[in-house]
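Participant: Okay, handing you the structure first.
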Amino acid sequence: MVIFCKNNIENTLHHWVSENHYQSLVIICDENTYQFCLPKLGQLIEKAIIVNIPAGEQYKNLETCQKIWHTMTHHHLDRKALCINLGGGVVGDMGGFCAATYKRGIDFIQIPTTLLSQVDASVGGKLGVDFEGFKNQIGVFKEPNLVLIDTIFLETLSEREKLSGFAEIIKHCLISDKKMWDKISNTNFENQDIDFLVNHSVAIKSKIVEQDPQEKSIRKLLNYGHTIGHALESYFLGTPKPFLHGEAVAWGMVAENFIAYKLGYLTDKELEEITLFIKQHYSKPYLSSEMIENVINLTFQDKKNEQGKHKFVLLKSIGEAVFDVEVNISEIKSALSYLNAII
Ligand SMILES: NC(=O)c1ccc[n+]([C@@H]2O[C@H](COP(=O)([O-])OP(=O)(O)OC[C@H]3O[C@@H](n4cnc5c(N)ncnc54)[C@H](O)[C@@H]3O)[C@@H](O)[C@H]2O)c1
Ligand SMILES: [Zn+2]
């Protein structure tokens, strides 16, 4: 269940927690949400055990999980406890994973505090952590008991983080709503109606996930931009210039569009229209030929691959996507080279 709180997070949360009679509460946050978001939860925090983890994707790993499980164990949390994940996708994915596995699973709620986690990560029940350099390598599917979305949290978010989340909004429009794409692509970022777009994205994602919770078919559409996007994100993880998730996905969409264009799905006009919009919002990576080889190697880890074959989600046209399209290595290579050719 998703509730849009409209600047009323404290009361909504308080109400729900008292109605459900939890014996203990644990709140997982990172150093930033501890500072900026936790105070917005009001009195409830006085009764809760707070776990404050370092911020950033590099801490989305089993070592941090161990610290979370350690705190839960140390405080003798039983199965009637509630875990509240207050943060972006990192806290949501990892805190949710810890809750779903602690004593074989305790209740948990997601309170996403970044645009990316509000429009994407908090919906759909995918939980997990990175492992040995691979994104979300270890994890489970489990729906939270509740998702509370309040855009008031976005007030303290940096512009770069907002743009990262905006990439997933763009993705949702491109795979299923041409009219909305036309609207957002003709509006400056400062003038986008974020409240409306959060609702719009959550509606699209929820509808798709409902039909295919375990990603056997149509849910794969949500991975548009992510085969190459995840490979770019993994490659640059730990380098001086790491990508934010949405930034990598934005360029992943552009590269994958080139494949769609080459296969005769997207027209050159559509390809250029999307590329131009992405270029206006996100700074472009440069990839040497050695880097391209490494990024291609990373695409082999994509969870959509079957029997060693790359399966992509591609746009048929703006507003319509298809999944399970077999793509070969040389097509991926030319898609990555296309990124270098953009001026
Ligand atoms: N489960 C899914 O379906 C799903 C979908 C998309 C992405 N993800 C995952 O989500 C992660 C990325 O999420 P993210 O972009 O939210 O990253 P994040 O959780 O690292 O948050 C980004 C930064 O913003 C800070 N922050 C969070 N809320 C803030 C606020 N209100 N004010 C100020 N600072 C704030 C964080 O401390 C962090 O430094 C990735 O690990 C990705 O794999 C998961
Ligand atoms: Zn994503």
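Participant: Got at least one residue in the stretch 41-57 being hydrophobic (A, V, I, L, M, F, W, C) and within 16 Å of ligand 2 (Cβ to nearest atom)?
Facilitator: Within the stretch 41-57, not a single residue is hydrophobic (A, V, I, L, M, F, W, C) and within 16 Å of ligand 2 (Cβ to nearest atom).
Participant: So which residues in the stretch 192-208 are surrounded by 15 or more Cβ atoms within 10 Å (Cβ to Cβ), part of a helix (DSSP H, G or I) and away from ligand 1 (no atom under 16 Å from the Cβ)?
Facilitator: If the condition is that a residue be surrounded by 15 or more Cβ atoms within 10 Å (Cβ to Cβ), part of a helix (DSSP H, G or I) and away from ligand 1 (no atom under 16 Å from the Cβ), then Asn199, His200 are the ones that fit.
Participant: Another question about this same structure. Looking only at the stretch 225-245, count every residue that is assigned to a loop (DSSP other than H, G, I, E, B), within 13 Å of ligand 1 (Cβ to nearest atom) and out of contact with any Pro (no Cβ under 9 Å at 6 or more places or on another chain) and tell me the total.
Facilitator: The total comes to 4.
Participant: Pairs only if they're at least six apart or on different chains, beta carbon under 6 angstrom, first in the stretch 46-68 and touching a residue at least 60 places away in the same chain (Cβ under 8 Å), second acidic (Asp, Glu); list them, first residue then second.
Facilitator: Lys60/Asp130; Asn61/Asp130
Participant: Restricted to the stretch 143-191, and to residues that are within 27 Å of His230 (Cβ to Cβ) and surrounded by fewer than 16 Cβ atoms within 10 Å (Cβ to Cβ), which residue is farthest from ligand 2 (Cβ to nearest atom)?
Facilitator: Out of the qualifying residues, it is Lys178.
Participant: Here's a follow-up. Checking the structure you have, find out if any residue of the stretch 209-224 is without any contact (Cβ under 8 Å) to a residue 12 or more places away in the chain, more than 13 Å from ligand 1 (Cβ to nearest atom) and under 25 Å from Glu331 (Cα atoms).
Facilitator: Yes, the stretch 209-224 contains a residue that is without any contact (Cβ under 8 Å) to a residue 12 or more places away in the chain, more than 13 Å from ligand 1 (Cβ to nearest atom) and under 25 Å from Glu331 (Cα atoms).
Participant: Still on this structure, please answer the following. Tell me, which residue of the stretch 236-272 that is out of contact with any helix residue (DSSP H, G or I) (no Cβ under 9 Å at 6 or more places or on another chain) and farther than 12 Å from Tyr338 by Cβ is surrounded by the fewest Cβ atoms within 10 Å (Cβ to Cβ)?
Facilitator: Pro240
Participant: Please list, ordered by residue number, the helices (runs of 4 or more DSSP H) wholly in the stretch 1-79 having 2 or more residues that are more than 11 Å from ligand 1 (Cβ to nearest atom), in the same structural domain as Gly95 (by TED's automatic domain parsing) and under 26 Å from the mean Cα position of the chain (by Cα).
Facilitator: So the answer is 9-20, 62-74.
Participant: List the number of the failed condition for Lys269; all other conditions in (1) assigned to a helix (DSSP H, G or I); (2) within 24 Å of the chain's Cα centre (by Cα) hold.
Facilitator: (2)
Participant: Additional query: Working only within the stretch 101-128, note down all residues that are farther than 23 Å from Ile170 by Cβ and either within 14 Å of ligand 2 (Cβ to nearest atom) or buried (at least 22 other Cβ atoms within 10 Å of the Cβ) (or both).
Facilitator: Within the stretch 101-128, Ile106, Phe108, Ile109, Ile111, Leu127, Gly128 meet the criteria.
Participant: Could you check, for the stretch 164-177, whether at least one of its residues is over 19 Å from Gln280 (Cα atoms), modelled with pLDDT of 95 or more, out of contact with any Phe, Trp or Tyr (no Cβ under 7 Å at 6 or more places or on another chain) and away from ligand 1 (no atom under 11 Å from the Cβ)?
Facilitator: yes
The values are calculated or read from the model by the stated rules, or taken from the named source; none is laboratory data. If you're wondering where the values come from, they're calculated on a predicted model, not measured in any experiment. Methodologically, a virtual Cβ is constructed for each residue, glycine included, from the backbone with ideal geometry; neighbour enumeration extends over all protein chains shown.
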